[in-house]
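Undergrad: Mind looking over this structure? Questions follow.
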Amino acid sequence: MGKTFAEKVLGKKAGKDVVAGEIVEIVPDFAMSHDNTAAIAKTFEKIGVAQLYDPNLHVIILDHAAPAPNAKFAENHKEIREFVRKHGIPNFFDINRGICHQVMVEEGFALPGLVVVGSDSHSTTYGAVGAFGTGIGRSEMAVIMATGRIWLRVPETMKIVVQGTPPEGVSAKDIMLKIIGDLGADAATYMAVEFTGETIERMTLASRMVLSNMAVEMGAKIGYIPPDDTTLEYVRPRARKEFEVIHSDPDATYAETHTFDVSDLEPQVACPHTVDNVKPISEVKGTKIHQVFFGSCTNARLEDFEVVAKALKGRRVHPDVRMLVFPASQQVYLEALKKGYLQTILEAGAIVMNANCGPCMGNHAGIPASGEVSLSTSNRNFRGRQGNVEAEVYLCSPLTAAASAIAGEIADFRDVL
Amino acid sequence: MELIRGKVWKYGDDVNTDVIFPGKYTYTVTDPEEMAAHALEDLDPDFAKNMKPGDIVVAGKNFGCGSSREQAAFALKYAGVGAVVAKSFARLYFRNAINAGLPVIQAPEAVDAIEPGEVIEIDLEKGELRCKAGTFRFPPLPDAVLGIFQAGGLIPYTRKRLGIEG
Ligand code: SF4
C-alpha cells in the first residue's frame with residue numbers, strides 16, 4: 001500500500017516502516033527558536049546537561065520584539081545572545097535579519113524532505129518547500145537541546161485540492177481564508193495537510209508559503225506542498241544541507257480529501273475573533289478601520305510589496321488610518337527598496353518599520369487602542385491578539401489591506417483601484 | 001501505574017488556552033502554586049478553589065485550542081488534576097500535556113455518557129474508563145508516551161534517561 005509524505009519522511013528519519021498513528025522518536029534536521037530561547041535555555045539548564053547535543057541543530061532568530069521595546073525584552077535578548085555565545089551556536093540571527101519563518105526559508109534551513117521543528121506554531125510554513133515543518137513546545141525544544149530527540153506521532157493526511165484560476169487580484173491569502181472558513185479551525189487537528197492541484201502548481205513559492213503558514217489555523221501538524229521546479233529553483237542555491245524531494249505515493253491513503261474551485265472566488269476577510277469566521281468582502285465592506293498592519297510571516301514578501309505599492313501609487317492612505325508596514329525580512333526590505341516600492345508606500349503616507357513581527361502578537365510597535373479596528377495581513381485575529389482585548393482584528397490579503405487603507409474602511413479593491 | 005480516580009468537572013467544546021490559563025499571566029506568574037490558583041480561571045472561577053487533587057476535567061471537542069503556551073497544561077497539572085478526558089484535543093495541547101505529565105484521554109463516547117460531579121476511574125495502562133454509565137475503552141497510550149507520564153513529565157523523564165539523579 002502506498003504511503004503519504006508524512007509516513008515516508010518520518011519513516012526515513014526513524015529508520016523503519018511507519019504508518020499513521022504510530023509514534024516515532026527522531027532527531028530533527030533543524031530546530032528553530034526565537035525570542036522564547038531565553039525561557040527554553042532556562043529549562044535546558046534544569047535538565048542538567050552541560051553541553052548542547054548538537055549546536056548545529058539549532059537556529060535562533062530574534063524577531064518577536066525587535067529592537068527590544070522595553071528593559072524586560074532587552075534582558076531577554078541579552079540572555080539569548082549570551083546563551084548563543086556560551087554554546088557556540090553558529091546559526092544565530094540577531095534583530096537585523098527578519099521574521100523567523102521567512103528567514104528559515106530564505107537561509108536554506110527549510111528544505112524538501114527535512115524535518116524542521118520550531119517552538120512556534122507557524123513552523124508549518126516550511127511545508128511550502130516540501131519540508132516536514134511543525135510547531136513544538138518549549139520544554140520539547142529544551143529536550144532537543146539536551147538529547148537531540150523529539151517524539152512525533154505520524155499524522156493522518158488531509159488532501160486539499162485547489163483548482164481554477166482566481167479572478168485578477170484574488171490571491172493565495174483569499175484562497176486560504178476561504179479554505180479555513182469552509183473547513184473550520186479544528187478541521188485538520190493532528191493531521192498533515194497536503195495542498196495540491198493546478199492552482200497551487202502555478203503559484204509562486206511566496207504564495208505557497210501563505211497556505212503552509214496558515215495550515216496551523218486549521219489545527220494541522222504540517223502544511224506540505226509537493227516540491228516541483230518552482231521549489232527546486234528556489235532552494236538549490238541556498239540549501240544548508242543535503243535534501244531529498246519526497247512525494248506521497250500515488251496510491252497513498254488519505255483520511256479526507258477536499259476540493260476547492262477558486263475560479264469565481266471573491267476577496268475574503270476573517271472577522272473577529274476567530275480565523276474561521278470568514279466572510280466574502282461583499283458582506284464586510286464599509287467597516288470603518290483605524291489601523292492597517294501590512295506585515296507578518298504570512299504576507300510581507302516581495303510580491304506582496306509589489307501589489308501594495310502598485311495599489312498605493314499616486315494615492316494617499318486615508319487620513320483616519322495609520323498604515324504600518326513591516327517587511328518579512330531584511331532581504332525583502334532591501335529588494336523592496338531597490339524596486340522603489342518603499343518610496344511609493346512612504347509617499348502614500350504609510351510608515352515603514354524594520355523587519356520583525358511588529359504588532360502581530362501584541363508585543364510592540366502599533367498596538368491598537370480600545371474600540372479600534374485593525375485590518376491585518378497576518379494570520380490570527382483572536383481576541384487580544386494584537387495586544388488589546390478591546391480591539392478588533394480582521395484578516396485579509398495585502399491588496400485588500402492597501403485598498404482599505406486608501407478608503408478608510410474595509411473595501412473591495414475592485415471598487416477602489 | 002496507579003488508577004486515576006476523581007470527581008468530574010464537566011465543560012463544553014473548544015475550551016481554549018486563554019480560559020485555561022489567561023495570557024495576562026504568561027510572563028508574570030511562574031510559581032507552580034500560583035499557576036494552579038489560576039487554572040481554568042476564565043471558564044469557571046470556582047474550579048481552582050473547590051477542586052480536589054485527583055479530580056478529572058471532562059470536556060468536548062478541541063480542548064486546549066489556541067496558543068502553544070505550555071502553562072495551560074502545567075497549571076492543571078500543578079492544580080492536581082488527575083486527567084483531562086475530552087472528545088478531542090488541539091495538537092499542541094495534547095503534546096504539552098503529555099510533556100507536563102498530565103494524562104489526556106480522548107474518549108468521545110465516554111464524554112457524552114459521563115455526568116458532571118460523578119466519580120470516575122481511569123486505567124491508563126489498560127485503556128479503560130469506568131463511570132456510572134459503564135466501561136469505555138480508549139486506545140492505550142503508546143509505550144514511548146506512557147514512559148513520560150510514569151516519570152512525571154518530559155523533563156524528569158529526560159533526566160532519568162540521561163542518568164541524571166534527583
Ligand atoms: S509574524 Fe506573527 S505569526 Fe509570524 S512568527 Fe511573528 S508573531 Fe508569529
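Undergrad: Can you tell me which residue among A:I26, A:I47 is of a type in the set (A, V, I, L, M) and within 26 Å of the chain's Cα centre (by Cα)? Walk me through it before giving the result.
TA: Details: A:I47 fails: within 26 Å of the chain's Cα centre (by Cα).
Going through A:I26, A:I47 in turn, just one is of a type in the set (A, V, I, L, M) and within 26 Å of the chain's Cα centre (by Cα): A:I26.
Undergrad: Please go through (1) in a loop (DSSP other than H, G, I, E, B); (2) at pLDDT below 95; (3) away from chain B (no Cβ under 14 Å); (4) within 15 Å of the ligand (Cβ to nearest atom) for A:N363 and return the number of the only condition it doesn't satisfy.
TA: (3)
Undergrad: Shifting gears a bit: Output the residues belonging to region A:41-79 that are part of a helix (DSSP H, G or I) and within 16 Å of the ligand (Cβ to nearest atom). Write out each step before concluding.
TA: Start the filter on region A:41-79 by keeping residues that are part of a helix (DSSP H, G or I), which leaves A:41-47, A:55-57, A:71-79.
Matches in region A:41-79: A:F73, A:N76, A:H77.
Undergrad: For region A:209-315, list the strands (runs of 3 or more DSSP E) that sit wholly inside it and hold at least 3 residues that are farther than 30 Å from A:G108 by Cβ; which are they?
TA: Working: elements: A:222-224, A:256-261, A:268-270, A:278-280, A:291-294.
In region A:209-315, the matching strands (runs of 3 or more DSSP E) lie at A:256-261, A:268-270, A:278-280.
Undergrad: In region A:212-233, which residues are under 18 Å from A:G118 (Cβ atoms) and away from every other protein chain (no Cβ under 14 Å)?
TA: A:S212, A:N213, A:M214, A:Y224, A:I225
Undergrad: Can you tell me which residue is nearest to A:H34 (Cα to Cα) among those in region A:374-394 that are within 11 Å of the ligand (Cβ to nearest atom) and away from chain B (no Cβ under 14 Å)?
TA: My answer is A:S378.
Undergrad: Next question. Scan region A:390-406 and give yes if some residue there is out of contact with any Pro (no Cβ under 9 Å at 6 or more places or on another chain), over 14 Å from A:F294 (Cβ atoms) and in contact (Cβ under 8 Å) with a residue 24 or more places away in the chain, otherwise no.
TA: No.
Rundown of residues vs (1) in contact with a Ser or Thr (Cβ under 9 Å, 6 or more places away or on another chain); (2) closer than 25 Å to A:A66 by Cβ; (3) not acidic (D, E), yes/no style:
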| site | (1), (2), (3) |
| --- | --- |
| A:D320 | no, no, no |
| A:M353 | no, yes, yes |
| A:R385 | yes, yes, yes |
| A:L399 | yes, no, yes |
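Undergrad: I need the full set of residues from region A:90-129 which are assigned to a helix (DSSP H, G or I), over 11 Å from A:N213 (Cβ atoms) and within 13 Å of the ligand (Cβ to nearest atom), in order please.
TA: A:C100, A:V103, A:M104 - these are the residues of region A:90-129 that are assigned to a helix (DSSP H, G or I), over 11 Å from A:N213 (Cβ atoms) and within 13 Å of the ligand (Cβ to nearest atom).
Undergrad: A further question follows. Go through (1) more than 14 Å from every other protein chain (Cβ to nearest Cβ); (2) assigned to a loop (DSSP other than H, G, I, E, B); (3) under 13 Å from A:C271 (Cα atoms) for A:G371 and report which single condition fails.
TA: Condition (3) is where A:G371 drops out.
Undergrad: On the basis of being of a type in the set (G, A, S) and surrounded by 24 or more Cβ atoms within 10 Å (Cβ to Cβ), does A:G223 make the cut? Let's see the steps before the verdict.
TA: Working: of a type in the set (G, A, S): yes; surrounded by 24 or more Cβ atoms within 10 Å (Cβ to Cβ): yes.
Considered against the rule, which asks whether it is of a type in the set (G, A, S) and surrounded by 24 or more Cβ atoms within 10 Å (Cβ to Cβ), A:G223 comes out as yes.
Table: residues versus (1) at pLDDT below 95; (2) buried (at least 24 other Cβ atoms within 10 Å of the Cβ); (3) within 16 Å of the ligand (Cβ to nearest atom).
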residue	(1), (2), (3)
A:A270	no, yes, yes
A:T274	yes, no, yes
A:V278	no, no, no
A:E283	no, no, no
A:G286	no, no, no
A:F293	no, yes, yes
A:T298	no, yes, yes
A:E306	no, no, no
A:K310	no, no, no
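Undergrad: If a residue must be over 22 Å from the mean Cα position of the chain (by Cα) and assigned to a helix (DSSP H, G or I), how many such residues does region A:141-169 contain?
TA: 6
Undergrad: I'm trying to understand the selection: among the residues of region A:36-55, which are under 20 Å from B:R161 (Cβ atoms), in contact with a Lys or Arg (Cβ under 8 Å, 6 or more places away or on another chain) and surrounded by 18 or more Cβ atoms within 10 Å (Cβ to Cβ)?
TA: Result: A:I40, A:T43, A:I47.
The values are calculated or read from the model by the stated rules, or taken from the named source; none is laboratory data. Everything numeric here is computed off the predicted structure, so don't read it as measured data. Reconstructed Cβ throughout: ideal geometry from the backbone, glycine too, with neighbour counts over all protein chains shown.
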